Structures are given as structure tokens and as C-alpha cells.
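Participant: The structure is given below, and queries will be raised subsequently.
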Amino acid sequence: MKTELNGRIALVTGAGQGIGRAIALALAAHGATVAVNDVKREKSDKVIAEIVPAGGKAVAACADVSRRDEVERMVGGIVKQFGRLDILVNGARVEPPRPAGMAPEDWWDRVLDVDLKGAWLCSMGALEPMKRQQFGRIINISSIQGFTGNAEEEWIAYSCAKAGMGGLTRSLAQAGLKLGITANAIAPDYIETEVMEARWGREKMSEFAAGVPMGRAGQPEEVAEAVLFLVKSGFITGETIFITGGRFVIPK
């Protein structure tokens, strides 16, 4: 266990699996107390069961981030229990495939509600204690698709939501400029997670990985490393870190 984040309280949304889980584990391993958010309590508890035996500190923070009342309850509960909230990582997301029987318009609403509105609601809730503390770190997990787009019908809403995170991040950065609060985004390309393995299988995942310029997929821990970097920096704000395996490199 490292101790540089001792005393810091972190909320990671969508932390019950995938990239969010890796971020929660990394923050806890560096000394932060982590509120592990997921819609399902059993997923939060599973991550907590990884953190605590390793010497870390974590609590469950179950809520649907698209609902204001649930976000207010969650953030208020964290602040009441610990007296502060130092780090917010907005990682909760909905992505394709669209559930069978769900209309395209309903799918659009659900993706935007969770992926963008949820980040906004959580950020607004976190800003209040961060302003009182004169310290805060907000990190939005965006996506390369927020910059490249995706013409497949089911992915358009996701691309739009992730593109919107750019405006949200810069707006939050402006709000925190004189208050010790930074806001940044991370835009990953293809990152291998257990969720994707369950959805597509190893063969399909290998095809996706081959399409990354570096010839391999990224790992959730590599996204978590970028989160730690931004948490420790007090002079980077309003920026986006791309974790893309060379997607923007122009070959000779």
C-alpha cells in the first residue's frame, strides 16, 4: 500500500466492473478511501472485497447516476460520513448493444442520461464540498469515439455523450480555477475488460486489438495510471489525455 492519498475521499462511478473497478483499486492502493458506485450493490461489494483484504479502505455507494435524487443521496451520504469529498471520477456509462425491444429514441435518452447527465449531476454535487475545502479533482472518463464519432446507429448516442464530456470538463475547469479544483478528461481507445470478453469473446477481441496502431489493446490499469497522474497534479485542468495506443500518430 502507498500512502500519498491518505486522507483523501474518492467517489468512482461505474466502479463495479471494467475500467471503473481498476480505477477504484488503484486509488485505494495509493491510500484513498474509495466510495465504489454501481447500480447493483453486489457489484460494489465485490470490488470492496478486493480492496479491503489488500489493506485499502472502501464503502459502497449505490445509485443510478442519471437520477438527481439518488445522486444527492449518494454524495450527501459520503460527505456526512467522511466530512469531505476530494476526488470524483465519472466513469459510469451505458454503451451498445441496445437492449432488445428498446426503441432507438429511448436508447438515445438512456445513454445521454447516464453517460453525460450522470457526470454532470455527480460533478455538481461534488463541487459544493470541494469549494468548501478549496480542493478537488474531477476526472471524466470520455472516449476516443467522442472525437472520431461512430456511424453505427447504436453508437451515435454514445459518441455524442462522450463528445459532450469535453464541454462539461472545460466548464468545470473554469468553475474551479481559483478554488484549487481541477477538472480533466481521459479518452481511451480500445481497452480490454471482462465486460467486453463476456460480450464478444476472445476471437472478436483479438480483431479489435489488431486494429489499434500499437497492435494491442489497452488495459484498465493503464487508464487508472492516468487517473492517478491527474489526481496528483494541481496545474493541469481543462485538458484531455488520450490513451489510444497511437491512434493519432501519422505513419511515415
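Participant: Per DSSP H run of at least 4 residues, take -39500 (n - 2.57); add these up for the chain, divide by its residues and hand me the 222 nm value, nearest 500 deg cm²/dmol.
Facilitator: On the way: 9 runs with 121 residues, N = 252.
Helix-only estimate at 222 nm: -15500 deg cm²/dmol.
Participant: Just to confirm a number: summing +1 for Lys and Arg and -1 for Asp and Glu over residues other than Met165 whose beta-carbon lies under 15 angstrom from that of Met165, what do you get?
Facilitator: Details: positive: Arg93, Lys117, Lys162, Arg170; negative: Glu95, Asp113, Asp115, Glu239.
Net charge around Met165: 0.
Participant: Based on the mean of other Cβ atoms within 10 Å per residue, sort peptides 197-207, 18-28, 104-114 so the most packed one is first.
Facilitator: Working: 197-207: 11.5, 18-28: 26.4, 104-114: 16.7.
Result, highest mean Cβ count within 10 Å first: 18-28, 104-114, 197-207.
Participant: Related question: Decide, for the chain, between rounded, prolate and oblate: order the square roots of the alpha carbon gyration tensor eigenvalues as a ≥ b ≥ c, take rounded if a/c falls under 1.5, and otherwise choose prolate if a/b is larger than b/c, else oblate.
Facilitator: Working: a/c = 1.38, a/b = 1.35, b/c = 1.02.
In terms of gyration-tensor shape, rounded.
Participant: Restricting the count to DSSP beta bridges whose residues both fall in the range 9-243, what percent are antiparallel, rounded to a multiple of 5? Before the final figure, lay out the partial values.
Facilitator: Numbers: 0 of 26 bridges.
In the range 9-243, DSSP labels about 0 percent of beta bridges as antiparallel.
Participant: Now a separate question. With the contact rule set at Cα under 8 Å and sequence spacing of 6 or more, what percent relative contact order holds for the chain? Intermediate results must be reported in sequence, preceding the final value.
Facilitator: Details: 504 pairs, mean separation 44.4, N = 252.
Here the relative contact order equals 18 percent.
Participant: Which is farthest toward the positive dipole end of the chain among Ala210, Phe248, Thr3, measuring Cα position about the Cα centre, with Cβ charges +1 (Lys, Arg) and -1 (Asp, Glu)?
Facilitator: Ranked along the dipole, the leading option is Thr3.
Participant: For the ranges 48-60, 222-234, what's the packing order if you count other beta-carbon atoms within 10 Å of each residue, average per peptide, and put the highest first? Don't skip to the end; give the middle numbers.
Facilitator: Values: 48-60: 15.9, 222-234: 18.4.
The peptides rank, most packed first, as 222-234, 48-60.
Participant: Quick check on my link table: of Lys80/Lys117; Lys117/Lys178; Lys46/Lys178, which ones sit more than 29 Å apart, alpha carbon to alpha carbon?
Facilitator: Details: Lys80/Lys117 24 Å; Lys117/Lys178 25 Å; Lys46/Lys178 38 Å.
As for pairs spanning more than 29 Å Cα to Cα, those are Lys46/Lys178.
Read the figures in this text as sums done on the coordinates, not as results from a lab. This is a predicted model, so every value here is computed, not measured. All Cβ positions, glycine included, derive from the backbone under ideal geometry; neighbour counts span all protein chains shown.
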